[in-house]
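A short worksheet on the structure shown next.
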Amino acid sequence: MNTPQPLNENQPIGIFDSGVGGLSILESIRQTLPNEQLIYVADAAHAPYGNQTDQQIIDHSLRVCRFLLDQNVKAIVVACNTATTIAISTIRAIASIPVIGVEPAIKPAVEQSKTGVVGVLATAGTLQSTQFEKLSNLYGRTAEGHSVELITQPCNGLVERVEAGDLNGPVVTQLLEQHLQPLLDRNVDTLVLGCTHYPFLIETITQITGSTVSIIHPGEAVAKQVERRLESESQLSPTHNQTPIQFFSSQANKTYRLRFESLLKQSITLNAL
Ligand code: DGL
């Protein structure tokens, strides 16, 4: 258990993912909360998390969170569906600060689906978790009580393609076609991106699904949740923090830094974890 320290509204917010996927959440947070100082950690040496055991995912997540707690963050955003569904309760047990996770956005998808058929793309780890089962049971029907068909699709291979910087090449396009076709065959009209790496594939996904399928990206909802939590703790930074975002990775080489830069469209310094 980390020693609780008095919270200070000028402390940074820590955000982490197994790799670059959480940058899709970081973008939303920096737009919604421009005053905040941010620290981002990619646990690239251990990515992808999605095919590992629960214990491995918990161990990796705790290691990163301990690092963030040492940086004196005032909140942790688990910008990874897999780590959220499997490790968030263990993280909360060691952190005496707000810990906000990312879960597949089934609720808004069910609310907006017209065909009553919703597709969920996620890692195998997320889809097999008991937390995902709870979410599906809780939100898998409309406000009027009609049940909605939730079609889940484990997307093996996609995290690795995004980590390798392949957002629209032939390999990732073929993988996406394989993963999406069964959902299109079932008349899905709404697609939940249940992994934070997938928003970087939206253009390629849309080329395959066409524009009639709505795609739900969780970034904005997560950023609003971070804002609400910090507001309720009186921890929102009142003034603009000039410190640039600090980026860390458990695998910090030039190639990986360039990956960050091309996704963020800005130059960065990538520090070793
Ligand atoms: N971005 C992570 C997620 O949201 C990827 C998990 C992985 O590393 O497999 O699930």
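The values are calculated or read from the model by the stated rules, or taken from the named source; none is laboratory data. Computed from a predicted structure; not experimentally measured. All Cβ positions, even for glycine, are placed from backbone atoms using ideal geometry, and neighbour counts span all protein chains on display. Accessible surface areas use protein heavy atoms only, side chains included; no ligands, DNA or RNA. Shrake-Rupley method; radii C 1.70, N 1.55, O 1.52, S 1.80 Å.
Listed peptides 24-37, 170-183, 79-92 appear in the order 79-92, 24-37, 170-183 once ranked by packing, highest mean of other Cβ atoms within 10 Å at the front.
Rolling a 1.4 angstrom probe over the protein heavy atoms with all chains in place gives the range 23-158 an accessible area of 39 Å² per residue.
Here the chain exposes an accessible surface that is 47 percent carbon and sulfur, computed with a 1.4 Å probe and the other protein chains kept in place. The angle separating the long axis of helix 219-232 from the principal Cα axis of greatest extent in the chain is about 40 degrees. In the chain, the longest principal axis of the Cα atoms and the axis of helix 54-70 are about 30 degrees apart. Centre-to-centre, using Cα atoms only, the range 176-221 and the range 240-267 are separated by 26 Å. The H on the amide N of ILE151, modeled in the peptide plane, is under 5 Å from the matching H of VAL118, GLY119, VAL120, each at least 5 residues off or on a different chain. Accessible surface calculations at 1.4 Å, restricted to protein heavy atoms, place the range 193-266 at 52 Å² per residue. Its relative contact order, with pairs defined as Cα atoms under 8 Å and 6+ residues apart, puts the chain at 27 percent. Is it possible to state the helix-based mean residue ellipticity at 222 nm for the chain, with each DSSP H run of 4+ residues giving -39500 (n - 2.57), the sum divided by total residues, to the nearest 500 deg cm²/dmol? What is it? Estimated from H runs of four or more residues: -13000 deg cm²/dmol. Between the listed residues TYR40, GLN52, GLY125, the Cα displaced farthest toward the positive end of the dipole of the chain, a dipole computed from Cβ unit charges relative to the Cα centre, is found at TYR40.
Annotation: for a label point projected 7 angstrom from Cα along Cα→Cβ of GLN71, residues of the range 23-38 with backbone N closer than 11 Å are 37-38. With R₀ fixed at 45 Å, the C-beta to C-beta distance from VAL171 to SER234 puts the FRET efficiency at about 0.40. Checking the table LYS134/LYS265; LYS107/LYS224; LYS107/LYS265; LYS224/LYS254 against a 27 Å threshold on Cα-Cα, which pairs fail? Correct reply: LYS134/LYS265; LYS107/LYS265; LYS224/LYS254. At a threshold of 8 angstrom on Cα-Cα distance, excluding pairs fewer than six apart, so keeping six or more, what relative contact order does the range 1-82 reach in percent? Normalised by residue count, the contact order of the range 1-82 is 48 percent. Expressed as a fraction of 2.2 N^0.38 Å, the C-alpha radius of gyration for the chain is 0.98.
Rounded to the nearest 20, the size of the Cβ-charge dipole of the chain about its Cα centre is 320 debye, with Lys and Arg at +1 and Asp and Glu at -1. Relative contact order for the range 102-151: 47 percent, from Cα pairs under 8 Å spaced at least 6 residues apart, divided by residue count. Each peptide in 184-196, 151-163, 125-137 receives the mean, over its residues, of other Cβ atoms within 10 Å, and ordering these scores from highest gives 184-196, 151-163, 125-137.
For the chain, the longest principal axis of the C-alpha atoms and the axis of helix 130-139 are separated by about 60°. Here the peptides 67-77, 240-250 are ranked by packing, the mean other Cβ count within 10 Å, and the order with the highest first is 67-77, 240-250.
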